[in-house]
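Right, one structure below, let's go through it.
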Amino acid sequence: MATFSFELVSPERVLFSGDVTSVVVPAAEGDMTVLAHHAPFMSALRSGVVTVNGAKRLFVRGGFVDVGAGGLTLLAEQAVAVEEIDAGRVTADLKDVEEDLRDAKSDEARARLAEKAEGLKAMLAALRH
């Protein structure tokens, strides 16, 4: 099977860089599978799991997808290997965010907190699959 270059970058580090045969990406329009010679494409990322070669699973939240002649690049606001997610910490963070959401005084604060809560829920869902 043909390979292509894939790189997943977060503000903290490069989580993955190498040649792959397939990557499933949680694009804003829905999950998409990228294979070698994929048509050029750009999209926003939604919170979810990136699956590399059908095995390696990486959780991403926010950012952009770019498929071009050079391969696939994901620029994620947050990215972590699924096996590194601490369910207890995420659950506690979600509880705190939901409390803050109930107490939020402005629409802007509610929107920001609701987005953060959705990202944390997606992270917990990644652990169950």
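Observations on the structure shown:
- Within the chain: Cβ-based charge dipole about Cα centre, in debye rounded to nearest 20 (Lys, Arg +1; Asp, Glu -1): 220
- The local environment of F4, defined by Cβ-Cβ distances under 13 Å, has a net charge of -3 under the rule Lys, Arg +1 and Asp, Glu -1.
- Surrounding net charge for L113, when Lys and Arg each add one and Asp and Glu each subtract one, Cβ distance under 13 Å: -3
- Cβ-derived FRET efficiency at R0 30 Å, E84 paired with H37, nearest 0.05: 0.40
- Among A55, A114, A87, the residue with the largest mean-square fluctuation in a Gaussian network model of the chain, with springs joining Cα atoms closer than 10 Å, is A55.
- Look at (i) 2, 11, 20, 21, 17, 12, 8, 5, 3, 1, 0; (ii) 2, 11, 22, 26, 21, 14, 4, 1, 0, 0; (iii) 2, 8, 9, 11, 9, 8, 8, 7, 6, 5, 5, 5, 4, 3, 3, 2, 2, 1, 1, 1, 0, 0: the one that is P(r) over Cα pairs in 5 Å bins from 0, in percent derived from this structure is (i).
- Cross-link partners for K116 among the aspartates and glutamates, with Cα-Cα distance under 13 Å and sequence neighbours closer than 8 places in the same chain left out: E77, D93, D96, E98, E99, D100, E108.
- GNM top mover of F59, F16, F41 - the chain, alpha-carbon springs below 10 Å: F41
- Coil-residue trypsin sites (Lys or Arg not before Pro) of the stretch 40-129, DSSP, other Cβ within 10 Å capped at 10: K105
Bear in mind these aren't lab numbers, they're just calculated from the coordinates by the rules spelled out. Just so you know, these numbers come straight off a predicted model, no measurement behind them. When we count neighbours, we look across all protein chains shown, and the Cβ atoms used for this are built from the backbone with ideal geometry, even at glycine.
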